[in-house]
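Colleague: Shown below is the structure under consideration.
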2 protein chains.
Amino acid sequence: MSRIGAQTIKIDNTVSVSSWASVGGNKEYEGPLGEKIDYVCMDNKFDETTWEKSESHMQQEIFSRILNKSGKSKGGIDIMFAGDLLNQCAASHFAHREADTSFIGLYGACSTMAEGMALAAVFTDGANSKNSIALASSHFFSSERQFRFPLEYGGQRSQNAQWTVTGCGGVLISDENCGPFIKHVTFGKIVDMGINDVNNMGAAMAPAAVDTLSSFFGDTSSNPQQYDLILTGDLGVVGRDIMKTMMEERGYKMDNYNDCGCLIYDFEKQDIHSGGSGCACSALVMAADILPKIKDGTYEKVLFIGTGALMSPTSSNQGESIPSIAHLVEITKN
Amino acid sequence: MSRIGAQTIKIDNTVSVSSWASVGGNKEYEGPLGEKIDYVCMDNKFDETTWEKSESHMQQEIFSRILNKSGKSKGGIDIMFAGDLLNQCAASHFAHREADTSFIGLYGACSTMAEGMALAAVFTDGANSKNSIALASSHFFSSERQFRFPLEYGGQRSQNAQWTVTGCGGVLISDENCGPFIKHVTFGKIVDMGINDVNNMGAAMAPAAVDTLSSFFGDTSSNPQQYDLILTGDLGVVGRDIMKTMMEERGYKMDNYNDCGCLIYDFEKQDIHSGGSGCACSALVMAADILPKIKDGTYEKVLFIGTGALMSPTSSNQGESIPSIAHLVEITKN
């Protein structure tokens with residue numbers, strides 16, 4: 001029985017994040033992690049004619065780069081887990097028509113990368129796959145058009161708004177004994193504290209991250225001091241502060257805590273307000289920065305908590321609040 | 001190692017579909033399975049003010065009915081798998097804000113019920129959950145508004161179009177030794193044969209069903225004659241005929257084959273053209289009709305292949321074809 005506590009699953013067998021790849025646009029390249037991104041397209045188009053196709057192109061790029069890096073063929077991948085923010089997750093579906101690989105479509109908004117990694121870990125732990133790929137993408141331009149305004153409208157963004165990352169990140173999860181290793185996963189519950197400002201998704205998502213992280217600490221009898229880094233998906237500056245405050249109110253000291261949305265852009269030089277967001281935010285930060293740092297020993301133990309705001313434009317137009325979710329993956333060097 | 005062949009996962013441990021529930025609207029009630037549906041709302045509103053909320057209401061109804069039928073509390077459910085057709089899967093997310101249960105959001109279009117059942121079976125097989133719920137919903141009125149035209153427009157439907165089922169179906173997957181039992185699952189690949197007529201989704205999805213079903217037969221060295229019923233999700237009359245022809249061209253005799261989209265409505269009395277569709281189509285047919293018939297011995301061995309058309313209105317407007325997917329679940333009485 002691998003399940004411990006109320007929500008956490010202990011990964012009993014060897015499960016490694018054995019390869020990863022990252023793709024980004026110009027704004028991501030100009031940020032502090034820019035030089036670490038595997039492949040950058042400065043016009044964000046990736047030689048495609050629509051933003052939606054550009055996003056699919058990024059997912060294809062990740063898929064083939066992971067195959068190349070790991071020396072595997074398509075036939076060596078048992079299953080893939082993918083999702084994105086577009087209606088009906090179209091970026092993922094159109095990307096993988098030629099992948100010739102079993103496909104599990106996810107919708108977890110910006111928590112998708114963590115959701116996919118956690119599912120892949122469970123599959124690998126149970127010997128249901130030897131090699132699987134989890135990936136997630138977002139594109140500023142396809143998201144703006146779908147969730148907000150046409151770009152040509154030039155809409156003003158509020159100061160607590162976040163900037164959707166143009167990019168894609170993916171990982172190969174395998175039963176090889178190479179590490180970094182996944183040791184626990186915690187699938188979150190849907191949490192809705194009544195926030196209905198779609199320009200403040202960090203505030204909406206923070207309580208979900210608090211809920212999942214607290215559950216993990218409870219289930220595993222652990223605490224923040226046992227980790228070199230606790231990293232949420234994309235709460236941005238506003239949400240990160242709320243998260244930290246709420247965790248400290250629950251008695252957890254959060255000195256080693258940060259957020260992917262606060263790491264991907266340069267707050268002084270880039271006009272991104274509260275930080276980065278989108279499925280690609282945490283996917284890109286993990287693949288470009290955090291996983292290499294676990295591999296090289298900069299970090300020994302990391303908790304990655306992907307966060308997602310689960311509203312739709314229709315629900316927001318109908319006056320609804322923003323349900324949120326957070327999924328956790330524990331990753332260690334040894 | 002539970003994986004057999006290229007795509008199929010053998011469920012080694014006891015995994016039962018131990019409870020189920022179904023909800024529908026007036027058109028579903030007036031169809032041949034009407035009397036078997038657990039709860040019907042004749043005005044399709046379920047006491048809510050928007051169609052989207054009505055759809056969430058149906059998911060809540062299923063969740064609480066499964067708890068009641070199985071005598072479990074919320075705390076007894078380890079995890080739930082849910083999805084729907086609304087943008088950002090909003091029906092599922094708003095439904096389960098109070099569920100207080102780990103939540104895995106899926107997007108598999110009309111294959112969602114099979115996708116969720118297959119994932120729940122893998123989780124149960126690996127002792128990652130004892131009791132999990134998989135459910136999927138769709139609503140004719142919320143779908144028409146999102147995918148086609150406002151209802152008030154009174155758009156004409158083509159003869160090969162399908163009718164989106166208003167309803168929800170769900171199952172409890174557990175490690176109890178009660179049956180019906182899940183023995184194998186096969187997660188499908190994305191298949192796109194270039195069909196781009198959004199009024200003919202059956203034709204777009206049939207090749208995906210053929211791909212998954214053929215893979216299953218290959219992986220398990222089995223054939224159609226070993227099953228009392230082979231049931232696709234919602235290909236409708238047009239897609240069912242294509243499916244049958246394609247399978248027969250591959251050498252499989254398909255006498256015991258049918259499709260949920262052909263079972264849910266009365267073709268003579270109800271104006272539904274090619275049949276039913278939507279996530280709820282297969283979810284409702286399984287929960288109201290097929291699972292009870294496996295339980296009572298009418299069927300001993302059933303292959304359920306959920307089928308999903310993975311396009312979005314945006315992709316169709318951009319001239320793209322319709323990628324599709326099919327996931328398979330083998331269910332037996334003993």
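The values are calculated or read from the model by the stated rules, or taken from the named source; none is laboratory data. Since the model is a prediction, treat every value here as computed from it, not as a measurement. For neighbour counting, all protein chains shown are included, and Cβ atoms are generated from backbone atoms with ideal geometry for every residue, glycine included. Heads up: the accessible areas ignore ligands, DNA and RNA and are worked out on the full protein's heavy atoms, side chains in. Shrake-Rupley method; radii C 1.70, N 1.55, O 1.52, S 1.80 Å.
Colleague: Peptide B:119-128: average number of partner chain Cβ atoms within 10 Å per residue?
Modeller: The per-residue average across the peptide is 5.
Colleague: With an 8 Å Cα cut-off and a minimum separation of 6 or more residues, compute the relative contact order for the range A:170-311 in percent.
Modeller: Once normalised by length, the contact order is 29 percent.
Colleague: Something else: Among B:61, B:52, B:268, which one moves the most in a GNM of chain B with springs linking Cα atoms closer than 10 Å?
Modeller: Of B:61, B:52, B:268, the most mobile in the Gaussian network model is B:268.
Colleague: Taking chain B as a Gaussian network, Cα atoms linked when under 10 Å apart, which of B:316, B:214, B:64 shows the biggest mean-square fluctuation?
Modeller: B:316
Colleague: Determine the sum of side-chain charges near residue B:7: Lys and Arg each +1, Asp and Glu each -1, restricted to other residues whose C-beta is under 10 angstrom from that of residue B:7.
Modeller: Charge balance near residue B:7 sits at -1.
Colleague: Can you give the helix-only mean residue ellipticity at 222 nm for the protein assembly as shown, where every DSSP H stretch with n ≥ 4 adds -39500 (n - 2.57) and the sum goes over all residues, rounded to the nearest 500 deg cm²/dmol?
Modeller: -9500 deg cm²/dmol
Colleague: Can you tell which of A:116, A:319, A:218 shows the greatest fluctuation in a Gaussian network model of chain A with Cα springs below 10 Å?
Modeller: Evaluated over chain A, the most mobile residue of the options is A:319.
Colleague: Nearest-to-axis residue of chain A, judged by Cβ, for the A-to-B rotation, with distance in whole Å?
Modeller: Whole-Å result, nearest residue of chain A to the axis: A:126, 2.
Colleague: Starting from the 7 Å offset along Cα-to-Cβ, what nm value, one decimal, do you get for the label separation of residue B:13 and residue A:26?
Modeller: 5.3 nm
Colleague: Carbon and sulfur together cover what percent of the accessible area of the range B:1-104 at a 1.4 Å probe radius?
Modeller: Roughly 43 percent of what the probe reaches on the range B:1-104 is carbon or sulfur.
Colleague: Note down the relative contact order for the range B:262-334 as a percent, whole number, built from C-alpha pairs under 8 angstrom at least six residues apart.
Modeller: 27 percent
Colleague: Given H placed on each backbone N at 1.01 Å, which residues far from residue A:188 in sequence or on other chains put an amide H within less than 5 Å of it?
Modeller: Distant-sequence amide H within range of residue A:188: A:326, A:327, A:328, B:103.
Colleague: Here is a follow-up. Measuring from a point 7 Å out along Cα→Cβ, what nm distances, shortest first, does residue A:26 have to its partners in the other copies?
Modeller: Copy-to-copy label distances for residue A:26: 5.6 nm.
Colleague: In addition: Contact order normalised by length for chain B, with contacts defined as Cα pairs under 8 Å and 6 or more residues apart; what percent is it?
Modeller: This gives 25 percent for chain B.
Colleague: Another one. In square angstrom and rounded to 100, what buried accessible area do you get between chains B and A, total over both, with the probe at 1.4 Å?
Modeller: Accessible area lost upon association: around 4800 Å².
Colleague: With a Förster radius of 25 Å, plug the Cβ-Cβ distance of residue B:225 and residue B:4 into 1/(1 + (r/R0)^6) and report the FRET value to the nearest 0.05.
Modeller: So, using R0 = 25 Å, E works out to roughly 0.80.
Colleague: Okay, next question. How high is the FRET efficiency between residue A:153 and residue A:74 when r is their beta carbon distance and R₀ equals 45 Å, given to the nearest 0.05?
Modeller: 0.65
Colleague: Next up: Under a Cβ-Cβ cut-off of 14 Å, what is the net charge of the residues other than residue A:316 that fall near it, where Lys and Arg count +1 and Asp and Glu count -1?
Modeller: Charge balance near residue A:316 sits at -2.
Colleague: Which entries of A:36/A:183; A:27/A:72; B:269/B:293 show an alpha-carbon separation above 29 angstrom in the structure shown?
Modeller: Going by Cα-Cα distance, A:27/A:72 fall outside the 29 Å limit.
Colleague: For residue B:74, give me every one of the lysines with a C-alpha distance below 23 angstrom, ignoring sequence neighbours fewer than eight places off in its own chain.
Modeller: Candidates past the 8-residue exclusion: A:10, A:189, B:53, B:130.
Colleague: Okay, next question. Quick one: which bits of the range B:180-196 get at least 50 Å² less accessible when the partner protein chains are in, versus the chain alone, with a 1.4 Å probe?
Modeller: Hits at the 50 Å² cut-off: B:187, B:189, B:190.
Colleague: When Lys and Arg each count +1 and Asp and Glu each count -1, what net charge do the other residues less than 11 Å away from residue A:166, Cβ to Cβ, add up to?
Modeller: Charge balance near residue A:166 sits at -2.
Colleague: From the phi of every residue in the range A:310-324, what ³J(HN,Hα) in whole Hz does the Karplus formula 6.51 cos²θ - 1.76 cosθ + 1.60 yield, where θ is phi - 60° and glycine or proline is x?
Modeller: Couplings: 9, 7, 10, x, 5, 5, 5, 5, 8, x, 6, 7, 10, x, 9 Hz.
Colleague: The range A:179-246 to the range B:234-283: how many Å between their Cα centroids?
Modeller: 45 Å
Colleague: List, in order, the whole-Hz ³J(HN,Hα) value for each residue of the range A:93-110 obtained from phi through the Karplus relation with A = 6.51, B = -1.76, C = 1.60 and θ = phi - 60°; use x for Gly and Pro.
Modeller: Those phi angles translate into 5, 6, 5, 10, 5, 9, 5, 6, 9, 3, 10, 10, x, 10, 10, x, 6, 6 Hz.
Colleague: Can you list, shortest first in nanometers, how far residue B:313 lies from the same residue in the other copies, with each label 7 Å from Cα toward Cβ?
Modeller: 0.9
Colleague: Here is a further query. Keeping all protein chains in place, calculate the accessible area per residue for the range B:1-91 (probe 1.4 angstrom), answer in Å².
Modeller: For the range B:1-91, the solvent-accessible area averages 38 Å² per residue.
Colleague: Sorted from shortest, what are the nm distances separating the label point of residue B:42 from equivalent points in the other copies, each placed 7 Å from Cα along Cα to C-beta?
Modeller: Relative to the other copies, residue B:42 has label-point distances of 6.8 nm.
Colleague: Antiparallel versus total DSSP beta bridges in the protein assembly as shown: what percent is that, nearest 5?
Modeller: Counting DSSP beta bridges with both partners in the protein assembly as shown, the antiparallel share is about 65 percent.
Colleague: A follow-up question, please. Which value, in Å² rounded to 10, gives the accessible area of residue A:163 with a 1.4 Å probe and all protein chains present?
Modeller: 40 Å²
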